[in-house]
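I am attaching a structure below and will ask some questions about it afterwards.
The values are calculated or read from the model by the stated rules, or taken from the named source; none is laboratory data. All values derive from a computational prediction rather than experimental measurement. Cβ atoms come from the backbone with ideal geometry, glycine included; neighbour counts cover every protein chain shown.
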Amino acid sequence: MPNRTPAEVIHQFNKAFVDHDPDLLVGLIGTDCVMEAIQPAPEGERIEGEDACLAFWQALAGDDATQFEPEQVDIAGERATIRWRYRYGAAETDYVRGVNLMRVADGVIVEALGYSKTPAAEAVPLATTTSA
């Protein structure tokens, strides 16, 4: 396995999306990687295996119509938390914010769990907005 620190792996992972360079993802994903996408709610799509995860992420990274902006990245041992903003349109409100919980082992990503805030059109009613 590659001799990279979790910080190096996560930096290159984020760079692939920021720079729209899907090739940066090659070699970053473990053979048995498990990824849970942010959609469809409520569970998100579960994607398993290096090839499937790589294909999903490369399609996302290669989409020039969108913009990925890491807001904060925290790394603790083999775990990383990436708080991000994903812009998908030209309007000021065409974005979603979320977080990825990542695990890196032996220099590759082995787990990636994605979560996002729900867009207003599909908002979950809060307890304070429901009638008793």
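Return the residues of region 54-83 that are within 17 Å of V104 (Cβ to Cβ), in contact with a helix residue (DSSP H, G or I) (Cβ under 8 Å, 6 or more places away or on another chain) and either without any contact (Cβ under 8 Å) to a residue 12 or more places away in the chain or not in a helix (DSSP H, G or I) (or both); say none if nothing qualifies.
P70, V73, I75, G77, E78, R79, A80, I82, listed by residue number.
Still on this structure, I have one more. Output the residue which, of all residues in region 13-30 that are hydrophobic (A, V, I, L, M, F, W, C) and assigned to a loop (DSSP other than H, G, I, E, B), is surrounded by the fewest Cβ atoms within 10 Å (Cβ to Cβ).
Among them, the one singled out is V26.
Now a separate question. Does region 36-61 hold any residues that are closer than 19 Å to R85 by Cβ and not polar (S, T, N, Q), and which are they?
A37, I38, A41, G44, W57, L60, A61
Please indicate, with yes or no, whether at least one residue in region 31-38 is modelled with pLDDT under 95, surrounded by 14 or more Cβ atoms within 10 Å (Cβ to Cβ) and either among the hydrophobic types (A, V, I, L, M, F, W, C) or on the phi < 0 side of the Ramachandran plot (or both).
So far as region 31-38 goes, yes, one or more of its residues are modelled with pLDDT under 95, surrounded by 14 or more Cβ atoms within 10 Å (Cβ to Cβ) and either among the hydrophobic types (A, V, I, L, M, F, W, C) or on the phi < 0 side of the Ramachandran plot (or both).
Please state which one of A112, A55 is crowded, with 17+ Cβ neighbours inside 10 Å, under 19 Å from Q12 (Cα atoms) and either within 12 Å of the chain's Cα centre (by Cα) or of a type in the set (G, A, S) (or both). So that I can check it myself, show each step before the final result.
On the way: A55 fails: crowded, with 17+ Cβ neighbours inside 10 Å.
Going through A112, A55 in turn, just one is crowded, with 17+ Cβ neighbours inside 10 Å, under 19 Å from Q12 (Cα atoms) and either within 12 Å of the chain's Cα centre (by Cα) or of a type in the set (G, A, S) (or both): A112.
Being out of contact with any Pro (no Cβ under 9 Å at 6 or more places or on another chain) and without any contact (Cβ under 8 Å) to a residue 12 or more places away in the chain is true for just one of D51, D32. Which residue is that?
Sole residue among the options that is out of contact with any Pro (no Cβ under 9 Å at 6 or more places or on another chain) and without any contact (Cβ under 8 Å) to a residue 12 or more places away in the chain: D51.
Among the residues in region 84-103, are any exposed (fewer than 11 other Cβ atoms within 10 Å of the Cβ), β-branched (V, I, T) and either over 23 Å from L25 (Cα atoms) or modelled with pLDDT of 90 or more (or both)?
yes
Right, here's the next one. What number goes with the only condition from (1) modelled with pLDDT of 95 or more; (2) surrounded by fewer than 14 Cβ atoms within 10 Å (Cβ to Cβ); (3) outside any strand (DSSP E or B) that I10 does not pass?
For I10, the failing item is (2).
Taking the conditions exactly as written (of a type outside the set (S, T, N, Q) and in a strand (DSSP E or B)), does C33 satisfy them or not?
The answer is yes for C33.
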